[in-house]
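The values are calculated or read from the model by the stated rules, or taken from the named source; none is laboratory data. Just so you know, these numbers come straight off a predicted model, no measurement behind them. Using ideal geometry, Cβ is built from the backbone for each residue, glycine included, and neighbour counts are taken over all protein chains shown.
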Amino acid sequence: MKSFFDRDPVRIGWTGTAVIAVLLVLVFNYDKIPGWPAKTTYTAQFTDASGLQPGDTVQISGITVGKVDSIRLAGDHVDVALRVDSRERHLGDRTGAAIKVETVLGRRYVELHPDGGGSLGKTIPVARTTSGYDITESLSQLTDKFAGTDKKKLSDALDSVSSLVEQLPPNLKSSLEGISRASNTVASRDQAVQQLLGNTSAVSGLLAERDQKITALISDGGTLFAALNDRAETIRALLVDVRNVSDQLRALAKENAATTPPMLADLDKTVALLNQNYANINDAITGLRPFITQMGEVVGSGPFFNVLLQNITPANLHGQVPGSLGGGK
């Protein structure tokens, strides 16, 4: 058997290149291998995208199983490509899809409703899909309709109804008196109603413009609350420890109640004595400064120094030290 170095290097190079190419193909297309568990792409046909965006989630019974891959217009409907993990749940041949609102700010997601006994094809037709409800667009349309209403004609119509009511029998007249009051209210509050509708349109537009920022704010608030929740046990343990220390300090004070007052009284006397002698202590410290300065000068003058210590010899040794008057040898 030939060693590795004795073999043809050209053949080895081609073989290695082919192996690398096959591995790259498998890596980038593993999800297309038959029997390999991976994600499958389905196309759901909706009459209206309803604000759905690529990257929004795909859910089954509240569990995320994929994402919206792409959205494109196809004639009288919209094709939404859904990339779904086929391992999560079997999708039957009558599976339906609906666009729903995930957050109060209008973020959408696609809800799948598995149904049927067979296997789902690549397309979910319009007959089995439901478009979402766009509250921002609905409020805008409502505002436009109210703003375009002829208030004078409406008021005249209500006045005509009111005049007709006056000719009705008493039992019907009492039932329709509210219409007259409503007519007068609408006529007297025309400017206020217009301002209210204008403000509603402005708020709706502002919420639509700040959708991403408000969503990020709510998400950050959720992160903060999660962190506080994680620290709840630590804070509880800290409070318990503080309470234990407080109990021990209270017990210590109770045990030393008999000895603490005398000790504090002695401390007060000591402090009072120090206060009384504050001037003497200050003078002693002040006088110590020149003494230390002169001592340093004496010691620093050479390898020797002279110091005169007065009255260092007791007076009662007179005549007893050799060489002194009256002393022996």
- Task: Tell me which of these V80 doesn't satisfy, since it passes every other one: (1) exposed (fewer than 14 other Cβ atoms within 10 Å of the Cβ); (2) at pLDDT 75 or above.
- Result: (1)
- Query: What are the residues in the range 55-104 that are hydroxyl-bearing (S, T, Y) and either on the phi > 0 side of the Ramachandran plot or assigned to a strand (DSSP E or B) (or both), if any?
  - Reply: T57, S61, T64, S70
- Query: Is it true that D241 is closer than 30 Å to T149 by Cβ and either of a type outside the set (A, V, I, L, M) or in contact (Cβ under 8 Å) with a residue 60 or more places away in the chain (or both)?
  - Reply: no
